[in-house]
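Only one structure is covered here, and it is reproduced in the block below.
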Amino acid sequence: TRLPTDAPLVRQIEQQLAITASYDGRHAQAPRIYADLLPRLRAGPGWTAPETIAARRGYGLLLDERDSFEQAREVYESVQADAAKYAPQQLNQIDWELADLYTELNRWDQAEALLREALARSREQLGPHHIDYLWQTMFLGDLLNMRGRWDEAEALFRQDRGELLALVGPLHPKTICAVHYLGQIELERGDATRAMPLLQE
């Protein structure tokens, strides 16, 4: 028995196909899927239903992957506004991705403000010592590093490193990542002598 095209399971499969095509570099196939799927979602569960918001986010991600940054920004900002009202559980992921998009557009202040908002929500939901929260703070540290605010970035990564050492030990990939960033900051400062032990570690 074939399910009708408006069946929720069919829509979920199509959405997953579109996401997979996007990540697989099939940038001709994914737009065709979204061109068919998004109007049916608008007519079915509605434009602000969580399912539709997830699909709209996927479409924004596709535009980003295709370097259509301004179009992607328009989609993401619309999705973000609707997620805040109708799908708050999706908001943090949308904010991480929109912040990354803002960096592509050199909108550094907007990117940083968005990351700080998402981190504040994450800290409230997970707590300041949760491994996922500590990992997310590294996104802010990376942004500060890219902006040349090395002292702020270094303080953040040192704090992350200390927390992660106590939580998961020195060999965990997230701990190693924090150490790598500390070495990278020293390289940015032009101090290879201080960078080398960190990078070797």
Just to be sure, is VAL75 closer than 22 Å to ARG107 by Cβ, β-branched (Val, Ile, Thr) and open to solvent by less than 20 Å² (accessible area, probe 1.4 Å)? no
Within the bounds of the stretch 69-83, is there any residue that is in a loop (DSSP other than H, G, I, E, B) and either of a type outside the set (Lys, Arg) or touching a His at 6+ places or on another chain (Cβ under 9 Å) (or both)? no
Does at least one position in the stretch 64-74 carry a residue that is in contact (Cβ under 8 Å) with a residue 40 or more places away in the chain, under 24 Å from THR137 (Cβ atoms) and not β-branched (Val, Ile, Thr)? yes
Got a sec? Which of ALA99, ALA120, ALA166 is at pLDDT 95 or above, in a helix (DSSP H, G or I) and surrounded by 13 or more Cβ atoms within 10 Å (Cβ to Cβ)? ALA99
Hey, can you tell me all the residues within the stretch 126-163 that are out of contact with any Asp or Glu (no Cβ under 7 Å at 6 or more places or on another chain) and outside any helix (DSSP H, G or I)? GLY127, PRO128, HIS130, ARG147, GLY148, ARG149
Identity of the residue in the stretch 169-179, of a type outside the set (D, E, K, R) and under 20 Å from the mean Cα position of the chain (by Cα), that ends up most open to solvent (accessible area, probe 1.4 Å): PRO173
Kindly indicate whether any position in the stretch 148-160 is of a type outside the set (Gly, Ala, Ser), within 30 Å of SER68 (Cβ to Cβ) and open to solvent by 30 Å² or more (accessible area, probe 1.4 Å). yes
With respect to GLU112, is the statement that it is in a helix (DSSP H, G or I), among the acidic types (Asp, Glu) and surrounded by 14 or more Cβ atoms within 10 Å (Cβ to Cβ) true? yes
Check on THR103, in contact (Cβ under 8 Å) with a residue 40 or more places away in the chain and within 30 Å of GLU77 (Cβ to Cβ): yes
Candidates ILE131, ILE94, filtered to the one that is aliphatic (A, V, I, L, M), within 22 Å of GLU65 (Cα to Cα) and touching a residue at least 12 places away in the same chain (Cβ under 8 Å): ILE94
Name the single residue, out of those in the stretch 186-201 being closer than 22 Å to ARG149 by Cβ and in a loop (DSSP other than H, G, I, E, B), that is least open to solvent (accessible area, probe 1.4 Å). ASP191
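The values are calculated or read from the model by the stated rules, or taken from the named source; none is laboratory data. Small disclaimer: the values here were computed from a predicted structure and weren't measured. Reconstructed Cβ throughout: ideal geometry from the backbone, glycine too, with neighbour counts over all protein chains shown. What goes into the accessible areas is simple: the full protein's heavy atoms, side chains included, and nothing from ligands, DNA or RNA. Shrake-Rupley method; radii C 1.70, N 1.55, O 1.52, S 1.80 Å.
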